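For reference, the structure is listed below as structure tokens.
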There are 2 protein chains.
Amino acid sequence: MQKKVIKKSDIGIRSKNEAKILEGAVIVFSRKGLDGTRLTDIATECNLPKANVYYYFSNKTEIYERLIENVLAGWDKAFEHIKPDLEPEDAISEYVKAKLEYARNNIIESKFFTFEMLRGGQFLSKKQRQHIVQVTRKYEQVVEYWISEGKLKPLDTRHFFIILWASTEFYANYSNIAELTLGKHKLTKTDFEQAHKSIVQNILNGCLPQQ
Amino acid sequence: MQKKVIKKSDIGIRSKNEAKILEGAVIVFSRKGLDGTRLTDIATECNLPKANVYYYFSNKTEIYERLIENVLAGWDKAFEHIKPDLEPEDAISEYVKAKLEYARNNIIESKFFTFEMLRGGQFLSKKQRQHIVQVTRKYEQVVEYWISEGKLKPLDTRHFFIILWASTEFYANYSNIAELTLGKHKLTKTDFEQAHKSIVQNILNGCLPQQ
DNA sequence: TAACATTCTGACACTTTAGTCAAGTTTGTA
DNA sequence: TACAAACTTGACTAAAGTGTCAGAATGTTA
């Protein structure tokens with residue numbers, strides 16, 4: 001039986017192997033989703049005998065839940081450095097840049113989370129939902145402040161963030177369609193830079209010429 | 001043995017039951033993806049004995065492939081009425097409206113297709129890929145024409161369409177996040193109308209005030 | 001209504017997957 | 001170095017899933 005108490009040994013084999021399993025699992029989940037993933041696939045992916053995986057986790061949902069936590073924590077970390085005290089132009093540009101960079105460097109996590117959304121977000125705890133709402137609200141308030149200062153046009157902040165989120169996530173989740181559209185075999189750094197430029201330009205100034 | 005030759009009987013029981021199976025299958029696939037779906041689930045969903053499903057389709061991938069075709073055909077149908085000879089403002093507004101309406105009325109198909117994207121689009125045939133590219137190109141050329149006429153600012157048409165596509169699809173695939181963000185239990189018609197207004201306003205005019 | 005084709009389905013054989021277990025090895029520590 | 005705790009793993013059982021088939025039911029047509 002494994003111990004849940006934190007001991008010296010937890011910095012050793014246990015945490016190392018748990019990390020190894022989670023690492024392999026997120027890859028498989030990001031390809032097949034929760035329902036499509038077999039525990040055998042996870043074991044194979046991380047080169048461990050199945051029984052060894054069972055030694056650390058009691059089933060695949062336990063692994064899955066841990067991964068949900070990890071991904072959410074990863075987001076917080078990735079975006080906490082964004083400073084809302086910048087001018088809107090720069091802040092939005094930085095936000096888009098950070099989100100695109102995250103999408104580029106964490107395709108697997110992005111897809112993993114999208115799978116969870118498709119299945120209805122059943123594994124998001126109430127706490128996690130609240131956290132997401134809270135973080136979003138925080139950013140929305142900044143945008144509302146800018147609007148009140150006349151630095152942005154009046155707009156619906158919630159839909160505004162959806163446009164930002166959707167546009168940036170797209171390049172990870174629909175990389176196939178993006179590749180098709182851009183006529184590339186694989187998206188490059190330059191593609192992401194152009195995406196950044198296009199999104200920012202469009203979101204900030206729109207596509208209609210000033211009359 | 002089933003016949004592939006088209007006969008009178010094809011308008012009857014056969015096509016009726018195939019439709020019934022496809023209808024149930026797309027629901028299950030949209031919840032669990034290809035790998036997560038068991039043929040038993042499909043049979044249960046459409047109230048048929050498993051062996052009866054096997055009478056019409058030899059396995060689940062055959063059903064899946066038929067569904068991919070259907071969904072792509074559905075899109076063509078849904079968007080073929082968009083007239084590119086309108087002024088950009090109206091054309092873009094109509095395009096967004098049509099896409100949002102499609103998202104609202106075809107959440108299942110949208111999610112189904114997103115699952116396929118996440119798994120890498122393996123089941124999109126070369127022909128289907130080419131078709132997608134072709135349709136996109138057609139719209140891009142219209143946008144490029146508008147730019148050349150000075151009706152739109154110079155912009156990267158490919159990323160431009162990605163913003164449109166991503167923003168509209170979001171409301172179907174990430175309905176959970178959208179509901180969270182908008183503080184709703186379920187998205188209403190009004191939410192989609194506001195989404196339309198927000199997207200169009202932002203895409204056309206941006207969020208920065210005219211200086 | 002006879003006879004032929006199509007459709008339906010319970011029951012079966014076979015394969016894959018989940019999860020357990022006991023017997024082994026390694027590691028930490030006194 | 002000895003002993004316990006932690007870790008590893010092949011082998012196993014039970015359950016779930018795939019796909020087939022023979023025979024019953026229904027539909028079609030002359």
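Here are a few things to note about the model shown:
- Taking Lys and Arg as +1 and Asp and Glu as -1, the other residues whose beta-carbon sits under 12 Å from that of B:Lys138 total -3.
- Charge dipole (debye, nearest 20) of region B:128-204; +1 at Cβ of Lys and Arg, -1 at Cβ of Asp and Glu: 100
- Accessible carbon and sulfur surface of region A:1-130 relative to its total accessible area, %, 1.4 Å: 52
- At 7 Å out from Cα toward Cβ: B:Ala51 inter-copy label distances (nm, ascending): 4.0
- The A-B contact accounts for approximately 5900 Å² of buried accessible area, totalled over both chains at a 1.4 Å probe radius.
- A loss of 40 Å² or more of accessible area (1.4 Å probe, protein heavy atoms, ligands and nucleic acids excluded) relative to the isolated chain is seen in these residues of region A:137-159: A:Lys153, A:Arg158, A:His159.
- Cα centroid separation, region B:97-140 to region A:180-205 (Å): 19
- Dipole check for the protein assembly as shown: with +1 at the C-beta of Lys and Arg, -1 at the C-beta of Asp and Glu, and the Cα centre as origin, the magnitude is about 1860 Debye.
- Per residue, chain B reaches -24000 deg cm²/dmol at 222 nm when only DSSP H runs of four or more residues are counted, each adding -39500 (n - 2.57).
- Over all other residues within a Cβ to Cβ distance under 14 Å of B:Arg129, the charged ones net out to +1, with Lys and Arg as +1 and Asp and Glu as -1.
- Average accessible surface for region B:66-196: 46 Å² per residue, computed with a 1.4 Å probe over protein heavy atoms with every protein chain in place.
- In nanometres and ascending order, the distances from the B:Ser148 label point to those of the other copies are 4.9 (point 7 Å from Cα along Cα→Cβ).
- Semi-axis lengths, Å, the protein assembly as shown, gyration tensor of Cα atoms, sqrt of 5 times eigenvalues: 36, 32, 18
- Separation between Cα centres of region A:68-89 and region B:39-74, rounded to whole Å: 43
- Taking only the C-alpha atoms of region A:77-192, the Rg (one decimal) and the largest Cα-Cα distance, Dmax (whole number), read 15.6, 45 Å.
- Helical segments meeting 18 Å axial Cα length and Kyte-Doolittle -0.5 threshold in chain B (DSSP H): B:13-36, B:60-79, B:157-173
- Across the identical copies, how the A:Leu208 labels are spaced - nm, sorted shortest first, 7 Å along Cα→Cβ: 1.7
- Distance between the modelled labels on B:Thr188 and B:Ala78, one decimal in nanometres: 2.3 nm (7 Å Cα→Cβ projection).
The values are calculated or read from the model by the stated rules, or taken from the named source; none is laboratory data. Computed from a predicted model, the values in this text were never measured in an experiment. Glycine gets a Cβ as well: all are built from the backbone with ideal geometry, and neighbour counts include every protein chain shown. Areas reflect the complete protein model, heavy atoms only, side chains present, ligands, DNA and RNA absent. Shrake-Rupley method; radii C 1.70, N 1.55, O 1.52, S 1.80 Å.
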